[in-house]
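The values are calculated or read from the model by the stated rules, or taken from the named source; none is laboratory data. Keep in mind that what you see is a predicted model, and the values were worked out from it rather than measured. Heads up, the Cβs are rebuilt from the backbone with ideal geometry, glycines too, and the neighbour counts pull from every protein chain shown. The protein model used for the area step is the full one, side chains on, heavy atoms only, and it has no ligands, DNA or RNA in it. Shrake-Rupley method; radii C 1.70, N 1.55, O 1.52, S 1.80 Å.
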Amino acid sequence: ETNYGMAPEFTLPSLSGDTISLKDYRGQIVVVHIATTWCPFCNAEAPYLENLYQDYKDNNVEVLLVDVKEPQPLVRKLMKEKHGLNFPILLDTDGQMAASYAPDGVLPDLARDEVMLASNLIIDKNGEIQFMSLLDSKNFDAELIQLKSRLDELL
């Protein structure tokens, strides 16, 4: 089992105007999806993320979508409203949160925040990363099958 270590802390504004910190969710399992509105993989996954949120929210699981470097009105329209998302959407306005999660040595030709687009993470109750999938366009798992099987192991 890969050890990803502790999840880097972050505090970001949400679409609804709150400020949300990862540490607010200690004691819960958090699924994090890092996205942009123009990423086709993120758009394909969005409805499945909403399903996952609805299926697991009573099991002490929170879902957070972190949008990278896009303006709030665009994210509201093309992410939240378009896909009918009910979980918090956070705005990583400068890409620093996404960059902080990029593993060392991955795709050095990409900006560090771009490495993480369409990635999914599971952060456990203690703040440790228990699952990380970077975009693999050949084996793209839009339905989050691998993520859910890891989530079920942790519950």
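Go through region 58-76 and count every residue that is closer than 20 Å to PRO40 by Cα and either in a helix (DSSP H, G or I) or touching a helix residue (DSSP H, G or I) at 6+ places or on another chain (Cβ under 9 Å) (or both).
13
Identify the single condition in (1) within 20 Å of LEU151 (Cα to Cα); (2) polar (S, T, N, Q); (3) under 13 Å from the mean Cα position of the chain (by Cα) that THR36 does not satisfy, given that it satisfies every other one.
(1)
Cβ-Cβ under 7 Å, sequence separation 6+ or interchain: first residue in region 4-18 and more than 21 Å from VAL106 (Cβ to Cβ) and of a type outside the set (A, V, I, L, M, F, W, C), partner open to solvent by 20 Å² or more (accessible area, probe 1.4 Å) and assigned to a loop (DSSP other than H, G, I, E, B). Which pairs?
Pairs that qualify, where the first residue is more than 21 Å from VAL106 (Cβ to Cβ) and of a type outside the set (A, V, I, L, M, F, W, C) and the partner is open to solvent by 20 Å² or more (accessible area, probe 1.4 Å) and assigned to a loop (DSSP other than H, G, I, E, B), are SER14/PRO88.
Which of the numbered conditions does ALA46 fail, given that it passes all the others? Conditions: (1) among the small types (Gly, Ala, Ser); (2) modelled with pLDDT under 95; (3) crowded, with 18+ Cβ neighbours inside 10 Å.
Status for ALA46: all satisfied but (2).
Working carefully through the options LEU135, LEU144, find the one that is open to solvent by less than 80 Å² (accessible area, probe 1.4 Å), in contact with a Cys (Cβ under 9 Å, 6 or more places away or on another chain) and modelled with pLDDT of 85 or more.
So the residue among LEU135, LEU144 that is open to solvent by less than 80 Å² (accessible area, probe 1.4 Å), in contact with a Cys (Cβ under 9 Å, 6 or more places away or on another chain) and modelled with pLDDT of 85 or more is LEU135.
Would you point out the residue of region 61-80, among those that are open to solvent by 60 Å² or more (accessible area, probe 1.4 Å) and touching a residue at least 60 places away in the same chain (Cβ under 8 Å), that is farthest from the chain's Cα centre (by Cα)?
Ranking the qualifying residues of region 61-80, first place goes to ARG76.
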